[in-house]
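Heads up: the structure comes next, in structure tokens.
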Amino acid sequence: MATTEDTIGRTKKINLTRSARTPFRSYFDFFMTFLTGAFTILTIVPLVALVWDVVRQGIDRLGIQSFTELPPPPGLEEGGFGNAILGTLITLGIAAAISVPFGVLAAIYLSEFGRGTRIAYGVKFATNVLAGIPAILAGLFAYTVVVLTTGGFSAFAGGVALSVVMIPIVVRATEEGLLLVPQEMRQAAVGVGATNFQSISRIVVPAALPSIATAVTLALARAGGEAAPLLFTALNNNFWSTDIWQPIATLPVLIYFYAIIPYEAQKEIAWAAALVLLGIILIVSISSRLLARQRL
Amino acid sequence: MNSDTINTPNSTSSNTTQEAILRAENVSVTYGSFQALRGVTLDIPKNQVVAFIGPSGCGKSTLIRCFNRLNDLIPGTKVGGKVTYQGVDIYGDKVDPVQVRRRIGMVFQKPNPFPKSIYDNIAFGAKINGYKKSEMDEIVERSLRQAALWEEVKDKLKESGLSLSGGQQQRLCIARTVAIEPDVVLMDEPASALDPISTRKVEELIQELKENYTIVIVTHNMQQATRVADLTAFFNAEAEEGGKRFGYLVEYNKTEAIFNNPKEEYTRQYVSGRFG
């Protein structure tokens, strides 16, 4: 066996052999490894089960008419939910048009101008609180601010409600993206004679664009699946509508209503609508991951 | 400390008298309650290469950042004393730091090209400084030639600046700096992140740039100072009672004199490698 000398000259044996394992240690090792592995797999079970169930129940009813036709009146079989898909896109569009400028500008303030100030601290705290507020309260907010003042349910009110859900997500993810832009980049821009505005608008924000795109798509995916904020803002509509001042149908609300009425055809439509909603959210989430990966 | 022995190379008889383009007068810098630099007075003569050497924490980078007001970006920084550029106090009330930085460019320790194409890395500074779009191709080529990078990148100007090697990136940063035709180029340890071959290229470049620009270079590498600099300033850090450290200027003279015949004991010890 090899030997080595320690600092005061004593000879020591080098022993790298593994010590003997007791049976208990072996079993315990196996058991704990099994436990952690099993629970890891369990965490993906709900997702797989949910996707499986929605596909299984929704695929039969899904067809071209799902996208082009209106829902059938009670008792009839034919029809689709094209108006709800359009409505979801419209309300999400309104929500994005409100929350993206708000959220991105707020994030720019937090990361570029207000870093370390009391205002920034307060705003960050507020967005964290906002992120934790139940979505139905966002609907209540839009109800009092928009529905009551404009005199009726509307797509716009729905968009406002969804934007309240989106803003904290956009702010936090955008701010993180901006903070990831190295400080050297800002110094370099300022070093070649850029003003603060030029440095931020031409260097810092473009460098953070993938993160900002991710932030927006994440927020869209979250808001796209919300029914609660839309129940008493956008309400519902059995017909095609593109008027943002009229009530509008959306996928989550359509699913909510159709899942609880006792007609089989409507229930099938609800399943198919759930599948389409799942598809939209999956596409948005996957594209957000792809956007995040892109770097120049 | 020896702020009474005013360190201006002009005052030494061995020096050719030259116009000072930058002048620091009794400059002190504090970050919050921490004093980084105390009482520095020195002149930077035109079209010379001046090296700042000294151990870590001696305030040499802090001083170089005073010359183009880059310290403004660090909250809580206070600059005392006076820094003048061609006789104008650059910390004066009416001075626009953006204009200062346009005249006094900076190359950083870590190569930091913008995440844009090679072409746009150079065009960015030129555009925001009002150069015309029609001149842009010419400016890009001229700057890249000045930075000895043109031959290597002329066929891939559209590619990302980040696709270049570290040494090329640093030369791109130098090209970006000279594109806006400053008077002074400040370099904060420009070769410390580079391999020996890239370092040599950057050093050769500094020698060439001297024709048109005044260069102030911070370096940890004493050989580098002897190779590139006409004048060398040695800074040291000292702890005062209570353990607070501050940096100050020990000696400033022709590079040859600093390395071969230093007047101060600290300088002699440092350049002979006994501390730092």
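Every condition in (1) out of contact with any helix residue (DSSP H, G or I) (no Cβ under 9 Å at 6 or more places or on another chain); (2) under 27 Å from B:LYS210 (Cα atoms); (3) of a type in the set (A, V, I, L, M) holds for B:ALA233 except the one numbered (1). Within the range A:174-199, take every residue that is in contact (Cβ under 8 Å) with a residue 60 or more places away in the chain and among the hydrophobic types (A, V, I, L, M, F, W, C) and give me the one that is nearest to the other protein chains (Cβ to nearest Cβ). Among them, the one singled out is A:LEU178.
Contact annotation: residue pairs with Cβ atoms under 9 Å, 6 or more positions apart or on different chains, pairing a residue in the range A:248-259 that is free of Cβ contacts under 8 Å to residues at least 40 places away in the same chain with a partner that is basic (Lys, Arg), are A:ALA259/A:LYS267. Check off (1) touching a residue at least 40 places away in the same chain (Cβ under 8 Å); (2) crowded, with 16+ Cβ neighbours inside 10 Å for B:GLU181 and give me the number that stays unchecked. Among (1) touching a residue at least 40 places away in the same chain (Cβ under 8 Å); (2) crowded, with 16+ Cβ neighbours inside 10 Å, the lone unmet condition for B:GLU181 is (1).
Scan the range B:216-230 and give yes if some residue there is among the small types (Gly, Ala, Ser) and in a strand (DSSP E or B), otherwise no. No, that holds for no residue. Restricting the range B:130-151 to residues that are polar (S, T, N, Q) and surrounded by 17 or more Cβ atoms within 10 Å (Cβ to Cβ), the residue that is nearest to A:ARG186 (Cα to Cα) is B:SER143. In the range A:202-213, is there at least one residue being more than 27 Å from the chain's Cα centre (by Cα), within 14 Å of another protein chain (Cβ to nearest Cβ) and within 17 Å of A:LEU178 (Cα to Cα)? Yes, the range A:202-213 contains at least one residue that is more than 27 Å from the chain's Cα centre (by Cα), within 14 Å of another protein chain (Cβ to nearest Cβ) and within 17 Å of A:LEU178 (Cα to Cα). Just so you know, in the range B:239-268 the residues that are hydrophobic (A, V, I, L, M, F, W, C) and in a helix (DSSP H, G or I) include one that is nearest to B:GLY80 (Cα to Cα), and it is B:ILE258. Screening A:MET166 on (1) surrounded by fewer than 24 Cβ atoms within 10 Å (Cβ to Cβ); (2) more than 30 Å from B:VAL100 (Cα to Cα) shows it passes everything except condition (1).
Listed by position, the strands (runs of 3 or more DSSP E) enclosed by the range B:42-159 that each have at least 2 residues that are within 23 Å of B:ASN236 (Cβ to Cβ) and of a type outside the set (Asp, Glu) are B:49-53, B:77-85. All conditions in (1) of a type in the set (S, T, N, Q); (2) in contact with a strand residue (DSSP E or B) (Cβ under 6 Å, 6 or more places away or on another chain); (3) within 9 Å of chain A (Cβ to nearest Cβ) hold for B:ASN112, with the sole exception of (2).
Laboratory data are not the source of any read-out in this text; all were calculated from the coordinates shown. The structure displayed is predicted, hence computed values, not measured ones. All Cβ positions, even for glycine, are placed from backbone atoms using ideal geometry, and neighbour counts span all protein chains on display.
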